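What follows is a set of notes on a single structure, which appears directly below.
The values are calculated or read from the model by the stated rules, or taken from the named source; none is laboratory data. What you are looking at is a predicted structure, and each value in this text was computed from that prediction instead of being measured. Glycine gets a Cβ as well: all are built from the backbone with ideal geometry, and neighbour counts include every protein chain shown.
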Amino acid sequence: MQVVDNLVALRTRIKNWRADNEVIAFVPTMGNLHQGHLSLVKKAAELADRVVVSIFVNPLQFNDKQDLDNYPRTLNDDIKQLSELRCDLVFTPDDSIMYPRGMSNQTSVHVPGMDDKLCGLGRPGHFDGVATVVTKLLNMVQTDIAVFGEKDYQQLLLIRQLVQDLNLPMDIIGAPTCREQDGLAMSSRNQRLTESEREKAPLLYQQLQAVKTALLENRQGLDAALADAQSQLSEAGFETEYLEVRRADNLQPLQSGETTTARILVAARLGSVRLIDNILCDLA
Ligand code: PAF
């Protein structure tokens, strides 16, 4: 496994693989890798001859400076974990490679229809930051396939849309959320939970499941089920940002009686940590 921090070395390696007609799969990350990330790398290895992982904590997508400063940076440990998998190349650019003219002079990619809902409302500018860095990374790596986790479901849809809208010649693959034994979705943020917050955190997934059960049993009872889930979360100390049921294909609100695949999505703060999760609910 090779680790490169510059574009010339990255491009040289990719060019050689392309010349040999090898299929390349790419997993962009911000590091601090856990089993969830590693499952994306394993998925990429199943789908391609060559696997590239990037590690870059993207300042452009943090609307909160403290959140950016607190983001754990564990490069040596990340590289060690990747070296134990089938990963061929790790790309570790810094801000000067990604934003050579500074972030405020960077051409920005905006995917419409994302800022006015769910995570877009609570994190102004976040999705432009994600869309911009992912477009740049996809162009730098010139991959055939890119793998993203379903845990960041709105991000996955945003990337699918930008790849379609900009005619980028690659497939976007969504991979299922990895969970701890108690159901908590794996996230780099989990390690910032205190011991007592960590004990409460699985309630988020439990309430998603409670809403799903209620929705499948009786569609009319959805509002009551959402209100009940919110109040259970708030009693346990969560501050809910949103808890909603949306169409899975475009995150539009579900119309009454609509028979489609839905996603139940939540974002909530527990102490200083913002957690998100979502599950599928098939109403078709
Ligand atoms: O999901 C993430 O870790 C980031 O948003 C991504 C896709 C690597 C872009 O910085």
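Annotations
- For the range 186-201, filtered to residues that are surrounded by 17 or more Cβ atoms within 10 Å (Cβ to Cβ) and not in a helix (DSSP H, G or I), the residue that is nearest to the ligand (Cβ to nearest atom) is S187.
- The strands (runs of 3 or more DSSP E) found entirely in the range 231-284 that carry 1 or more residues being modelled with pLDDT of 95 or more and in contact with a Phe, Trp or Tyr (Cβ under 7 Å, 6 or more places away or on another chain) are 261-270, 273-282.
- Screening the range 162-185 for residues that are in a helix (DSSP H, G or I) and touching a helix residue (DSSP H, G or I) at 6+ places or on another chain (Cβ under 9 Å) and picking the one that is farthest from S108 (Cα to Cα) gives V163.
- When Q207 is tested against (1) within 14 Å of the ligand (Cβ to nearest atom); (2) under 19 Å from L118 (Cα atoms), just one condition goes unmet, and that condition is (1).
- Selection count, the range 13-51, where residues are part of a strand (DSSP E or B) and polar (S, T, N, Q): 1
- Some residue of the range 134-152 being under 22 Å from T177 (Cβ atoms), within 13 Å of the ligand (Cβ to nearest atom), acidic (D, E) and surrounded by 14 or more Cβ atoms within 10 Å (Cβ to Cβ): yes
- Enumeration of residues in the range 93-111 that are away from the ligand (no atom under 11 Å from the Cβ) and either part of a helix (DSSP H, G or I) or among the polar types (S, T, N, Q) (or both): D95, S96, I97, M103, S104, N105, Q106, T107, S108
- Counted residues, the range 54-90 - those being free of Cβ contacts under 8 Å to residues at least 24 places away in the same chain and away from the ligand (no atom under 15 Å from the Cβ): 6
- Restricting attention to the range 112-127, the residues being more than 10 Å from the ligand (Cβ to nearest atom) and buried (at least 20 other Cβ atoms within 10 Å of the Cβ) number 4.
- One residue alone among R18, R73, R86 is in contact with a helix residue (DSSP H, G or I) (Cβ under 6 Å, 6 or more places away or on another chain) and either at negative phi or among the polar types (S, T, N, Q) (or both), and that residue is R86.
- Any pair with Cβ under 7 angstrom, 6 or more apart, that starts in the range 234-261 at a residue that is of a type in the set (G, A, S) and ends at one that is exposed (fewer than 13 other Cβ atoms within 10 Å of the Cβ): A248/T261
- Candidates are the residues of the range 18-53 that are away from the ligand (no atom under 16 Å from the Cβ) and touching a residue at least 60 places away in the same chain (Cβ under 8 Å); the one that is surrounded by the most Cβ atoms within 10 Å (Cβ to Cβ) is I24.
- The residues listed here are D88, D64; of these, the one that is charged (D, E, K, R) and crowded, with 19+ Cβ neighbours inside 10 Å is D88.
- No other residue among A236, A267 is of a type in the set (A, V, I, L, M, F, W, C), crowded, with 16+ Cβ neighbours inside 10 Å and over 25 Å from the mean Cα position of the chain (by Cα) apart from A236.
- V163 vs. criteria within 12 Å of the ligand (Cβ to nearest atom), at pLDDT 95 or above and of a type outside the set (F, W, Y): no
- Flag if L10 is assigned to a helix (DSSP H, G or I), at pLDDT 95 or above, closer than 18 Å to L137 by Cα and more than 14 Å from the ligand (Cβ to nearest atom): yes
- The condition of being out of contact with any Lys or Arg (no Cβ under 8 Å at 6 or more places or on another chain), of a type outside the set (D, E), within 13 Å of the ligand (Cβ to nearest atom) and in a loop (DSSP other than H, G, I, E, B) does not hold for V130.
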